[in-house]
Amino acid sequence: MSRPVSFLALGIVIGLTACSDAELDSLDQRLIAMRDSPTGKVAPLPEAPVYRAVTYDQAGLRSPFLPERPEPEETPAGENLAPDLTRPRDPLEAYPLDELTLVGTLQIDGRRSALVRDPEGQVHRAYLGDYLGTDFGRIVAITEASLQLVEVVTNGQRGWIERSRTLYLNNDDTDQRQE
């Protein structure tokens with residue numbers, strides 16, 4: 001071997017032996033002893049709280065995520081408002097009113113009609129007297145910007161009442177307001 005390579009090898013060997021510590025074995029022994037007998041105490045876990053079930057009694061109230069509906073008006077006593085359950089249902093009666101969108105109105109030969117989009121995206125043409133919504137809603141007026149209907153709903157006492165609802169046309173087709 002050449003002389004410079006020998007000096008380099010000798011320097012590496014000396015450097016590695018200088019890094020060793022004579023007390024390293026005693027330090028390892030102390031760490032093993034500390035792991036075998038830990039000192040200090042761990043606080044005990046707190047007691048689990050007692051579970052008490054709560055019943056939800058607000059299901060019959062108005063959802064805060066739907067617009068407020070006006071109070072239905074009572075009809076005069078003795079007037080029979082029960083819907084005709086035997087008549088064939090119109091296609092738009094398969095959907096709740098809040099899932100239907102008024103997208104336009106037409107007037108052809110003096111007869112006005114409304115264009116209503118269902119949740120599947122299909123547009124239906126509706127006329128005065130047609131029904132839509134799941135509450136037996138009958139169209140009573142169609143204006144250039146709205147569709148008005150009267151729904152027949154139960155009064156909760158084995159009777160029926162009427163309530164007015166309106167679908168509004170919105171030009172940007174992003175917001176549909178109902179009353």
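Residues checked against (1) at pLDDT 85 or above; (2) within 21 Å of residue 161 (Cβ to Cβ); (3) touching a Cys at 6+ places or on another chain (Cβ under 7 Å):
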site	(1), (2), (3)
64	no, no, no
100	yes, no, no
105	yes, no, no
114	yes, no, no
132	yes, yes, no
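Pick from 75, 39: which is within 41 Å of the chain's Cα centre (by Cα), among the β-branched types (Val, Ile, Thr), in a loop (DSSP other than H, G, I, E, B) and modelled with pLDDT under 90? First the steps, then the outcome.
Working: 39 fails: within 41 Å of the chain's Cα centre (by Cα).
Only one candidate passes the filter, namely 75.
Answer yes or no as to whether residue 87 is closer than 16 Å to residue 140 by Cα and among the basic types (Lys, Arg). Before the answer, list the steps.
Numbers: closer than 16 Å to residue 140 by Cα: no; among the basic types (Lys, Arg): yes.
It is false that residue 87 is closer than 16 Å to residue 140 by Cα and among the basic types (Lys, Arg).
Are any of the residues in the range 125-138 hydroxyl-bearing (Ser, Thr, Tyr), out of contact with any strand residue (DSSP E or B) (no Cβ under 8 Å at 6 or more places or on another chain) and within 14 Å of residue 152 (Cβ to Cβ)?
Taking the range 125-138 and keeping what is hydroxyl-bearing (Ser, Thr, Tyr), we get 127, 131, 134.
Filter once more, so that each one left must be out of contact with any strand residue (DSSP E or B) (no Cβ under 8 Å at 6 or more places or on another chain): 134.
So of that shortlist, the ones also within 14 Å of residue 152 (Cβ to Cβ) come out as 134.
Yes.
Looking at the range 116-125, is at least one residue touching a residue at least 24 places away in the same chain (Cβ under 8 Å), closer than 27 Å to residue 160 by Cα and either outside any loop (DSSP other than H, G, I, E, B) or not hydrophobic (A, V, I, L, M, F, W, C) (or both)? Even if it seems obvious, please write down each step before you answer.
Within the range 116-125, the first condition is being touching a residue at least 24 places away in the same chain (Cβ under 8 Å), and the residues that meet it are 116, 118-119, 124.
Next, only the ones that are closer than 27 Å to residue 160 by Cα stay: 116, 118.
Going one step further and asking which of them are either outside any loop (DSSP other than H, G, I, E, B) or not hydrophobic (A, V, I, L, M, F, W, C) (or both), we end up with 116, 118.
Checked against the condition, which is being touching a residue at least 24 places away in the same chain (Cβ under 8 Å), closer than 27 Å to residue 160 by Cα and either outside any loop (DSSP other than H, G, I, E, B) or not hydrophobic (A, V, I, L, M, F, W, C) (or both), the range 116-125 yields at least one hit.
What number goes with the only condition from (1) in contact (Cβ under 8 Å) with a residue 60 or more places away in the chain; (2) part of a loop (DSSP other than H, G, I, E, B); (3) crowded, with 16+ Cβ neighbours inside 10 Å that residue 82 does not pass?
(3)
Quick one: residue 120 ticks every box in (1) modelled with pLDDT of 75 or more; (2) surrounded by 10 or more Cβ atoms within 10 Å (Cβ to Cβ) bar one, so which box is it?
(2)
Residue 139 versus (1) β-branched (Val, Ile, Thr); (2) outside any loop (DSSP other than H, G, I, E, B); (3) within 28 Å of the chain's Cα centre (by Cα): which is the lone unmet condition?
Going through the list (1) β-branched (Val, Ile, Thr); (2) outside any loop (DSSP other than H, G, I, E, B); (3) within 28 Å of the chain's Cα centre (by Cα), residue 139 breaks only (3).
Only one residue in 109, 130 is more than 30 Å from residue 61 (Cβ to Cβ) and loosely packed, with under 13 Cβ neighbours inside 10 Å, so which one is that? Working first, answer last.
Numbers: 130 fails: loosely packed, with under 13 Cβ neighbours inside 10 Å.
Every option except 109 fails the conditions.
The values are calculated or read from the model by the stated rules, or taken from the named source; none is laboratory data. Just so it is clear, the model here is predicted, and its values are computed rather than measured. Virtual Cβ from ideal backbone geometry, glycine too; neighbours counted across all protein chains shown.
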